[in-house]
Amino acid sequence: DVKVTQSSRYLVKRTGEKVFLECVQDMDHENMFWYRQDPGLGLRLIYFSYDVKMKEKGDIPEGYSVSREKKERFSLILESASTNQTSMYLCASSPSNRDRGPETQYFGPGTRLTVL
Amino acid sequence: AQKVTQAQTEISVVEKEDVTLDCVYETRDTTYYLFWYKQPPSGELVFLIRRNSFDEQNEISGRYSWNFQKSTSSFNFTITASQVVDSAVYFCALSDLRQAAGNKLTFGGGTRVLVKP
């Protein structure tokens, strides 16, 4: 079974703090994704990576950065947390197979971040 | 721009009733993929189905069925004889094949289904 783990289920931080959210997958997937989930808005893509050290902006990258130094690990960084970044953050991974179209994404359990 | 609309924000049914979740999408791509995911209270999204735009056959998997209508840009999901364990948020998603990685998804806002005993 594919397993995607996230470092914390719940996190509380203060405005201005630097926040690291970690995601690890154990299936040797090329693609990894970070989403945030807010009521009524569904999931919105923050950043994704299709290879080590490669990253692409998603729909809402402002205020976030990412790091992918190893294939299995994809980190989301909030350089200076703000209250409007209070949200559920979901990490996902998928294999890369362009010939067959987009592959299924597998999700972690999510991190509920509260910024006070 | 791609868009996925799930007009129903919440549906409440009594156990054993059928429930249909609507999904309408917009895309300029001629080839695309559609997905449904389930998010139970535990939070982890669970993959349910992946369908490409060339395959318009309806699909049934146990109590789940999907109706893909390309003419109306809809990909609706029906749960037959609902059970309490079906209570979850369900998301419809559309692929974007223009990205280099070909794997970006656009999600709808989700529909919360509450099945009462």
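Return a yes/no flag: does the stretch A:27-42 have any residue that is of a type in the set (A, V, I, L, M) and either more than 14 Å from the chain's Cα centre (by Cα) or open to solvent by 60 Å² or more (accessible area, probe 1.4 Å) (or both).
Within the stretch A:27-42, the subset of a type in the set (A, V, I, L, M) is A:27, A:32, A:41.
With either more than 14 Å from the chain's Cα centre (by Cα) or open to solvent by 60 Å² or more (accessible area, probe 1.4 Å) (or both) added as a condition, the list becomes A:27, A:41.
Yes, the stretch A:27-42 contains at least one residue that is of a type in the set (A, V, I, L, M) and either more than 14 Å from the chain's Cα centre (by Cα) or open to solvent by 60 Å² or more (accessible area, probe 1.4 Å) (or both).
List the pairs whose first member sits in the stretch B:58-82 and is closer than 16 Å to B:Lys3 by Cα, whose second member is assigned to a strand (DSSP E or B), and whose Cβ atoms are under 6 Å apart, counting only residues at least 6 apart or on separate chains?
Taking only residues 6 or more apart or on different chains, the pairs are B:Ser73/B:Val24; B:Ser73/B:Tyr25; B:Ser74/B:Val24; B:Phe75/B:Leu34; B:Phe75/B:Phe68; B:Asn76/B:Thr20; B:Asn76/B:Asn67.
Looking only at the stretch B:47-67, count how many residues are touching a Lys or Arg at 6+ places or on another chain (Cβ under 6 Å) and surrounded by 14 or more Cβ atoms within 10 Å (Cβ to Cβ).
Our first condition is that a residue be touching a Lys or Arg at 6+ places or on another chain (Cβ under 6 Å); within the stretch B:47-67, this holds for B:48, B:56.
Right, trim to surrounded by 14 or more Cβ atoms within 10 Å (Cβ to Cβ) and you get B:48.
Residues meeting the conditions: 1.
With (1) more than 9 Å from chain A (Cβ to nearest Cβ); (2) under 13 Å from the mean Cα position of the chain (by Cα) as the list, and B:Gln57 as the residue in question, which single condition is left unmet?
(2)
Go over the candidates A:Thr83, A:Thr15 one by one and state the one that is in contact with a helix residue (DSSP H, G or I) (Cβ under 8 Å, 6 or more places away or on another chain), open to solvent by 10 Å² or more (accessible area, probe 1.4 Å) and among the polar types (S, T, N, Q).
Values: A:Thr83 fails: in contact with a helix residue (DSSP H, G or I) (Cβ under 8 Å, 6 or more places away or on another chain).
After applying the criteria, what remains is A:Thr15.
Check B:Glu44, B:Glu17 and return the single one that is part of a loop (DSSP other than H, G, I, E, B) and surrounded by 15 or more Cβ atoms within 10 Å (Cβ to Cβ).
Details: B:Glu17 fails: surrounded by 15 or more Cβ atoms within 10 Å (Cβ to Cβ).
Answer to the check: B:Glu44.
Please go through the stretch B:60-98 and pick out each residue that is within 11 Å of another protein chain (Cβ to nearest Cβ) and out of contact with any strand residue (DSSP E or B) (no Cβ under 7 Å at 6 or more places or on another chain).
Result: B:Leu97, single match.
The values are calculated or read from the model by the stated rules, or taken from the named source; none is laboratory data. Treat the numbers as computed from the prediction; the structure is a model and nothing was measured. For neighbour counting, all protein chains shown are included, and Cβ atoms are generated from backbone atoms with ideal geometry for every residue, glycine included. Ligands, DNA and RNA are stripped out before the accessible areas are found, and what is left, the full protein with its side chains, is counted by its heavy atoms. Shrake-Rupley method; radii C 1.70, N 1.55, O 1.52, S 1.80 Å.
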